[in-house]
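The values are calculated or read from the model by the stated rules, or taken from the named source; none is laboratory data. Quick caveat: nothing in here was measured; it's all calculated off a predicted structure. All Cβ positions, even for glycine, are placed from backbone atoms using ideal geometry, and neighbour counts span all protein chains on display.
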Ligand SMILES: Nc1ncnc2c1ncn2[C@@H]1O[C@H](COP(=O)(O)OP(=O)(O)OP(=O)(O)O)[C@@H](O)[C@H]1O
Ligand SMILES: [Mg+2]
């Protein structure tokens, strides 16, 4: 199979949440491509649509409209089973809350995506788990359980689990959100190393410092991708609106 140059292509992507009478346009007309080997950060204020976008990219949710092509697969119109199969083969997920399984060892946690996939024999599985754990510097903790590891170590194991299936892209949602700054920086260094060794990464974060570390920064505001200048202007307008509201509030209370 030939691999397209772009791992991700979004064309006019939309997501509308319908709850009772209220329609929320979480994503509006999003155009985005991520090339093989790129490291992209997606950032923006709370509620701008970051998690929604990542869920759609990771085939955990479906768009309301527009086109999404993942590593050559046009994923619109696929059923849940087809989406699950493509997700398992093409996507490695890193969550904010590591999501390791407590009664499985480090080795078993990392092996899990391979057992779902099938067609990989035991010795090959063992070799791949070993390799993934070595890449994140956790091979010496193979027999430990998640509760016996620090937060930073747990997240490194979660990164190994995301890597082990050799996915086309790694998706990370606030990967440092549950870590102190030292462990957070260690995980960011690890992502940077993965990028340098050829992995394609897309990371969502509201932390501007971490967003800066990516090779390309995508800014999301109110469900739209905007350029840096527009983003700064919209944020300033938002801030002054908030200041005015707080001012009114104080006056009313005084
Ligand atoms: N299941 C849902 N039903 C209705 N509205 C939703 C649902 N999920 C998200 N939304 C709305 O969609 C918008 C985008 O939400 P999203 O979770 O993607 O934001 P975010 O950028 O990840 O925010 P944060 O930085 O706080 O995590 C918000 O206005 C949110 O209220
Ligand atoms: Mg979010």
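Considering only the range 161-179, I want to know if a residue exists there that is out of contact with any strand residue (DSSP E or B) (no Cβ under 9 Å at 6 or more places or on another chain), within 16 Å of ligand 1 (Cβ to nearest atom) and part of a helix (DSSP H, G or I). Walk me through how you get there before you give the answer.
Here is the first cut: in the range 161-179, the residues out of contact with any strand residue (DSSP E or B) (no Cβ under 9 Å at 6 or more places or on another chain) are 176-179.
Going one step further and asking which of them are within 16 Å of ligand 1 (Cβ to nearest atom), we end up with 176-178.
Retained after the next criterion (residues that are part of a helix (DSSP H, G or I)): none.
No: zero hits.
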Any residue at all in the range 68-88 that's more than 10 Å from ligand 1 (Cβ to nearest atom) and under 14 Å from the mean Cα position of the chain (by Cα)? yes
Looking only at the range 32-59, which residues are surrounded by fewer than 16 Cβ atoms within 10 Å (Cβ to Cβ) and away from ligand 2 (no atom under 13 Å from the Cβ)? 33, 35, 37
Mind checking whether some residue in the range 236-252 is in contact with a strand residue (DSSP E or B) (Cβ under 7 Å, 6 or more places away or on another chain) and in contact (Cβ under 8 Å) with a residue 12 or more places away in the chain? no
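Surrounded by fewer than 21 Cβ atoms within 10 Å (Cβ to Cβ), over 22 Å from residue 224 (Cβ atoms) and touching a residue at least 60 places away in the same chain (Cβ under 8 Å): is that true of residue 89 in this structure?
Working: surrounded by fewer than 21 Cβ atoms within 10 Å (Cβ to Cβ): yes; over 22 Å from residue 224 (Cβ atoms): yes; touching a residue at least 60 places away in the same chain (Cβ under 8 Å): yes.
It is true that residue 89 is surrounded by fewer than 21 Cβ atoms within 10 Å (Cβ to Cβ), over 22 Å from residue 224 (Cβ atoms) and touching a residue at least 60 places away in the same chain (Cβ under 8 Å).
Going residue by residue through the range 126-147, is there one that turns out to be at pLDDT 90 or above, within 16 Å of ligand 2 (Cβ to nearest atom) and within 22 Å of residue 38 (Cβ to Cβ)? Lay out the reasoning, then the answer.
Start the filter on the range 126-147 by keeping residues that are at pLDDT 90 or above, which leaves 126-147.
Now narrow it down to the ones that are within 16 Å of ligand 2 (Cβ to nearest atom): none.
No; the residues of the range 126-147 include none that is at pLDDT 90 or above, within 16 Å of ligand 2 (Cβ to nearest atom) and within 22 Å of residue 38 (Cβ to Cβ).
Taking the range 14-24 on its own, how many of its residues are more than 16 Å from ligand 2 (Cβ to nearest atom) and touching a residue at least 60 places away in the same chain (Cβ under 8 Å)?
At the first step, the residues of the range 14-24 found to be more than 16 Å from ligand 2 (Cβ to nearest atom) are 14, 16, 18-23.
Adding the requirement that they be touching a residue at least 60 places away in the same chain (Cβ under 8 Å) leaves none.
The total comes to 0.
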